[in-house]
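Let me begin by presenting the structure, written as C-alpha cells, before commenting on it.
The values are calculated or read from the model by the stated rules, or taken from the named source; none is laboratory data. Keep in mind the model is a prediction, meaning the values are calculated, not measured. Glycine gets a Cβ as well: all are built from the backbone with ideal geometry, and neighbour counts include every protein chain shown. All accessible areas refer to the heavy atoms of the entire protein, side chains included, with ligands and DNA or RNA removed. Shrake-Rupley method; radii C 1.70, N 1.55, O 1.52, S 1.80 Å.
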2 protein chains.
Amino acid sequence: MTDLSPSPIPALRGPVPLAHLFLHSLLRDGDRAVDATCGNGHDTLLLARLVGPRGHVWGFDIQQQAVDETGRRLAEAELAGRVTLLPVGHEELAEHVAEPLQLVLFNLGYRPGGDRSIITRPETTGSALEQSLQLLAAGGIVLVTVYPGHSGGADEQLAVEGWSARLDPRAFHCWRMGQTNVTPDAPYLLLVQRGR
Amino acid sequence: MTDLSPSPIPALRGPVPLAHLFLHSLLRDGDRAVDATCGNGHDTLLLARLVGPRGHVWGFDIQQQAVDETGRRLAEAELAGRVTLLPVGHEELAEHVAEPLQLVLFNLGYRPGGDRSIITRPETTGSALEQSLQLLAAGGIVLVTVYPGHSGGADEQLAVEGWSARLDPRAFHCWRMGQTNVTPDAPYLLLVQRGR
C-alpha cells in the first residue's frame, strides 16, 4: 500500500523518488492525471491513489503487455475504476483525455524487464509533450524522466531538453533536475509547469 | 500568514518557491532547522512556522542589521521563542546548534536591499556546508540557492557545485535544479540529502 501525504521526504536516490515527491505535493482528490508511459504500472497505480475517488487517470502504453500488466495491478488494488487504460501511443493523447490536467508523467526509454528494442522516440514523444502543454491546468506540471544512457537516449535527451529551453518563460517554468555526483549519463528529471 | 501544508504547489518561477516546496515536504513538528543566511528573515520565519511549537530554528547572519530585521519579523509573528538568532558568520555553525538537523538553508550572494559589497564567500560558505553535512539527520537536506549573476557569484558557483560533485554518492544524494528556458546566469537550487 502506497503511503499518501503527509509522508516523510523519500531518499532522493534518483529521478523516480524525486518525481514522486512532486506528485505527492501536487495532486489532490478530484485531479486529472495522465501516465503517458505506463510500463509496468507502478506510477499509474500511485497516480490512481493520489487523484482520489473523484479524480481520474488516463494511462497510455503502445505495448499491450504493459497495458495488461498495469490493468492487473490496478484491479488488485481495486482502483481500476479510476483509470482509463489505452493501448495506443501517447502521441494520441489529446484525442482521449479530458482537460484540464494537473499532471502528465513521462518515463522515457524502454520498459523495465521488457523488450529493449521498443523505446520511446523523439518524434512521437515531442508530439505528446506539445499536446500535454495544451491540456495542462494553470500550475499543472509535465514530469519527464530522461534516460540518456540507453541506445537512442542521447538524441532523445537533446530533443526534450531543447524543447523545454525554447518554451516561453512567461508561460512555462522549465526545470532540469540532475545529480551532480553520479555519471553524466545518469537519468534525470525534467519538470515543466504551466504558469498561473 | 504563510499557508502551511497541505498547500497547492506554488508557481515555480525560480529557486525560492522550489526550495519552499521542499521545506513543506520535509519539515514536521519537532524538527530542527538552520537558516545559515537570514537576510531579511522571510525564510527564517517560514522555518519557525514549519518546525512547530516543539521544533527549533537557528538563524545566522554576519550583519547585525539582518539579525535585527529577522528578530522583528519573528516577534511580530509571536514566534521568536522558536528561534535562536546569532549575529555571527555561518562558518561558526557547529559551535552553536544541536544535532541532528533536518534542514540547513543557504541563500548565497548579498542581502536583498542591503549592502551589495557584503557577500557570502567561498571559503566560509564551504566550511559551513561541510559542518552542515556532519550535523544532518538521515534523510535531512542542505538546500543552497546559488546566484551566479552577482560579482563573485561565478566563483562561488564553481566552488559549491564542485563540492557537491565530490561527495560520496553512497552517502549523499546531490541535485542541481536549474531552469532551462532562462539566462545561464539565473539563480538555481542545489540540494544535498544525507542518505538513509
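For this structure, a couple of remarks:
- Only beta bridges with both residues in segment A:82-196 are counted; by DSSP, about 70 percent of them are antiparallel.
- Separation of segment B:70-100 and segment A:145-196, taken as the distance between their Cα centroids, equals 38 angstrom.
- Order of exposure, largest accessible area first, which applies to A:D155, A:D29 with probe 1.4 Å: A:D155, A:D29
- Inter-chain shielding of B:11-20 (mean C-beta neighbours from other protein chains, 10 Å cut-off): 3
- Heavy-atom accessible area, probed at 1.4 angstrom with all protein chains present, ranks B:S132, B:S127 as B:S127, B:S132, highest first.
- Taken about its Cα centre, the protein assembly as shown carries a charge dipole of about 440 debye when Lys and Arg each add +1 at the Cβ and Asp and Glu each add -1 at the Cβ.
- Backbone HN-Hα couplings from phi across segment A:179-196 [Karplus 6.51/-1.76/1.60, Hz, Gly and Pro as x]: 7, 8, 10, 10, 5, x, 8, 5, x, 9, 10, 10, 10, 10, 10, 6, x, 8
- Between A:D155 and A:E92, the FRET efficiency estimated from the beta carbon spacing at R0 = 22 angstrom works out to 0.45.
- Restricting segment B:31-109 to trypsin sites (Lys or Arg not before Pro) that sit in a DSSP loop and have at most 11 other Cβ atoms within 10 Å of their own Cβ leaves B:R54.
- Cα-centred dipole magnitude for segment A:73-196, charges only on beta-carbon of K, R (+1) and D, E (-1), debye, nearest 20: 380
- Between B:G59 and B:D35, B:T84, B:L85, B:L86, the built amide H atoms are under 5 Å apart, and every one of these is 5 or more places off in sequence or on another chain.
- Neighbouring partner chain Cβ atoms per residue of A:167-174, average, 10 Å criterion: 4
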